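Participant: Mind having a look at this structure? Questions to follow.
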Amino acid sequence: MITIEKAYQIVLEKAYLLNTEKVHFIDSVGRILAEDVMSDIDMPPFDKSAMDGYACRRADIDNVLEIIEVIPAGKTPQKEIGPNQCAKIMTGAPIPKGADFVAMVEYSEETDGKFVKILKVSLRNNISYKGEDVKTGQVVLKKGIKIEPQHIAVFASVGYTNVLVIKQPKVAIISTGDELVEPHLKPAISQIRNSNGYQLISQVKACGAVPFYIGIADDTPEDTFDKVSKALSENDMVLLTGGVSMGSFDFVPEVLKKAGVEILFDSIAVTPGKPTTFGIAGKKFCFGLPGNPVSSFVQFDLLVKPLIYKLMGYDFNALDIQMPMGIEFKRKKSDRKAFVPVFIKDGEVFPVEYHGSAHIHAMTFAQGIISFPIGVDTLLKGETVHVRQI
Ligand code: AMP
Ligand code: MG
């Protein structure tokens with residue numbers, strides 16, 4: 001049995017970087033950027049008005065000003081502003097020559113559309129200067145970021161419409177268990193619905209990889225082998241759930257070996273998820289995740305997700321917030337590191353009602369997980385704990 005920290009290290013040290021591909025920028029959300037992106041223009045591209053108002057000389061603000069032009073956004077000013085003159089200007093329009101100030105329309109009084117008196121003067125000039133946000137050639141987005149909607153706006157503003165991203169790992173998913181039926185069916189007595197398969201599909205998608213659902217393997221070495229072989233030949237990674245514990249029908253580790261997978265660990269001093277198994281076959285990865293849905297969920301989060309991200313060149317670190325416990329919380333044994341689903345209320349951490357690793361419904365109330373280190377059986381009220389966001 002190894003620690004979860006060691007398991008994490010073993011998994012991540014096997015990662016390599018996948019190749020790149022180009023995608024259209026609007027399809028790039030969730031992908032990992034594979035090159036630095038530079039701006040081909042200054043931003044703003046010209047001195048522009050930050051307000052609707054009157055562009056004039058600050059020296060003239062106490063005088064009645066003559067309006068010599070109206071400048072809408074998108075139009076080039078035709079005239080130069082002289083003493084006691086101004087141009088009525090819209091937000092985003094270029095500042096005319098001679099002006100060094102924009103008086104806000106809200107604090108001005110216009111007469112006949114020809115003259116204006118400024119009633120209140122702000123300290124700011126209300127001008128956004130050419131290049132003050134970004135200069136031509138400046139790196140606006142760095143390689144390795146996970147692309148979010150706000151990055152799409154930056155791509156658009158610098159004209160970067162074909163985005164170089166890292167390819168997405170193809171991840172096959174196999175559920176094992178004779179007791180499983182697919183979700184659209186009503187389970188007969190002694191059957192349960194396959195929740196892991198769909199939870200895993202969603203977890204894989206959420207970290208930007210491409211899931212391929214293979215199906216439910218019977219609890220026989222033959223069917224498991226067939227499905228594992230097919231999955232391995234067509235994908236970068238294979239995730240199985242169930243069949244890794246000590247039962248008489250838990251064939252996954254032996255089948256993985258037969259399929260050419262070198263097992264690097266098959267047991268972790270952690271709960272939930274002790275029998276989590278990991279191996280490699282050439283450049284392919286294989287996880288035998290436990291059958292209980294909470295174990296599968298947590299082990300995906302702790303081990304599979306960081307590997308998927310690393311294959312795509314993304315340095316993933318779960319958000320980790322330190323907060324005090326809202327109550328004292330005890331556990332019976334302390335020989336393994338334990339992860340516990342929690343919620344946060346009024347700045348304090350509380351465990352959710354949780355009956356064990358089959359209780360997937362409990363996770364719907366959890367905002368994060370906390371851990372008991374090995375050897376620790378009590379978390380005191382007020383003690384600071386690390387809440388890992390899930
Ligand atoms: P196993 O590791 O195969 O012994 O499974 C452990 C527990 O998880 C058993 O109670 C299984 O019925 C349950 N289980 C296994 N696979 C799934 C699945 N795909 N969805 C929901 N529960 C599962
Ligand atoms: Mg099973």
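The values are calculated or read from the model by the stated rules, or taken from the named source; none is laboratory data. Nothing here was measured: the structure is a model prediction, and the numbers come from that model. So basically every Cβ, Gly included, is an ideal-geometry build from the backbone, and we count neighbours across all protein chains shown. Keep in mind that these areas ignore ligands, DNA and RNA; they rest on the heavy atoms of the full protein, side chains included. Shrake-Rupley method; radii C 1.70, N 1.55, O 1.52, S 1.80 Å.
Participant: Within the stretch 128-244, considering only helices (runs of 4 or more DSSP H) that don't extend past its boundaries, which have at least 2 residues that are under 30 Å from VAL11 (Cα atoms) and open to solvent by 30 Å² or more (accessible area, probe 1.4 Å)?
Facilitator: 196-206, 221-234
Participant: Of these, PHE225, PHE251, PHE212, which one is at pLDDT below 95 and in the same structural domain as CYS286 (by TED's automatic domain parsing)?
Facilitator: PHE251
Participant: Then there is this: Out of (1) within 15 Å of ligand 2 (Cβ to nearest atom); (2) within 30 Å of THR20 (Cβ to Cβ); (3) over 27 Å from the mean Cα position of the chain (by Cα), the odd one out for LEU289 is which?
Facilitator: Status for LEU289: all satisfied but (3).
Participant: Which pairs do you get when a residue that is more than 18 Å from GLY197 (Cα to Cα), found in the stretch 209-238, comes within reach of a residue that is open to solvent by 30 Å² or more (accessible area, probe 1.4 Å) and within 16 Å of ligand 1 (Cβ to nearest atom), reach meaning Cβ atoms under 7 angstrom, with the pair 6+ apart or on two chains?
Facilitator: Sorted first by the residue in the stretch 209-238, then by its partner, the pairs are PRO221/PHE251; PRO221/GLU254.
Participant: Would you check if there is a residue in the stretch 114-122 being surrounded by fewer than 19 Cβ atoms within 10 Å (Cβ to Cβ) and under 42 Å from the mean Cα position of the chain (by Cα)?
Facilitator: Yes, some residue in the stretch 114-122 is surrounded by fewer than 19 Cβ atoms within 10 Å (Cβ to Cβ) and under 42 Å from the mean Cα position of the chain (by Cα).
Participant: Select from the stretch 361-390 the residues that are of a type outside the set (Phe, Trp, Tyr), open to solvent by 50 Å² or more (accessible area, probe 1.4 Å) and closer than 23 Å to CYS207 by Cα and list them in ascending order.
Facilitator: Answer for the stretch 361-390, where residues must be of a type outside the set (Phe, Trp, Tyr), open to solvent by 50 Å² or more (accessible area, probe 1.4 Å) and closer than 23 Å to CYS207 by Cα: HIS361, THR364, GLN367, HIS386, ARG388, GLN389, ILE390.
Participant: Just give me the residues in the stretch 245-254 being surrounded by fewer than 22 Cβ atoms within 10 Å (Cβ to Cβ) and part of a loop (DSSP other than H, G, I, E, B), in sequence order.
Facilitator: Those that are surrounded by fewer than 22 Cβ atoms within 10 Å (Cβ to Cβ) and part of a loop (DSSP other than H, G, I, E, B): SER245, MET246, GLY247, SER248, PHE249, ASP250.
Participant: Residues GLY291, GLY273: which one is open to solvent by 10 Å² or more (accessible area, probe 1.4 Å), in contact (Cβ under 8 Å) with a residue 24 or more places away in the chain, closer than 23 Å to GLU254 by Cβ and outside the structural domain of VAL340 (by TED's automatic domain parsing)?
Facilitator: GLY291
Listed here are the residues, each with its yes/no results for (1) part of a strand (DSSP E or B); (2) touching a helix residue (DSSP H, G or I) at 6+ places or on another chain (Cβ under 6 Å); (3) of a type in the set (Lys, Arg); (4) within 26 Å of GLY243 (Cβ to Cβ).
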{"residue": "PHE285", "(1), (2), (3), (4)": "yes, no, no, yes"}
{"residue": "GLY291", "(1), (2), (3), (4)": "no, no, no, yes"}
{"residue": "SER295", "(1), (2), (3), (4)": "no, no, no, yes"}
{"residue": "TYR309", "(1), (2), (3), (4)": "no, no, no, no"}
{"residue": "GLY313", "(1), (2), (3), (4)": "no, no, no, no"}
{"residue": "LYS332", "(1), (2), (3), (4)": "no, no, yes, no"}
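Participant: Hey, among GLY279, GLY260, GLY273, which residue is more than 11 Å from ligand 1 (Cβ to nearest atom), modelled with pLDDT of 95 or more, under 18 Å from ILE173 (Cβ atoms) and of a type outside the set (Asp, Glu)?
Facilitator: GLY279
Participant: Continuing with this model, one more query. Name the single residue that is farthest from ILE71 (Cα to Cα) among those in the stretch 20-53 being part of a strand (DSSP E or B), touching a helix residue (DSSP H, G or I) at 6+ places or on another chain (Cβ under 9 Å) and open to solvent by less than 60 Å² (accessible area, probe 1.4 Å).
Facilitator: Only one residue fits best here, namely ILE32.
Participant: Taking the stated definitions as given, is PHE249 touching a helix residue (DSSP H, G or I) at 6+ places or on another chain (Cβ under 9 Å) and of a type in the set (Phe, Trp, Tyr)?
Facilitator: Criteria not met by PHE249.
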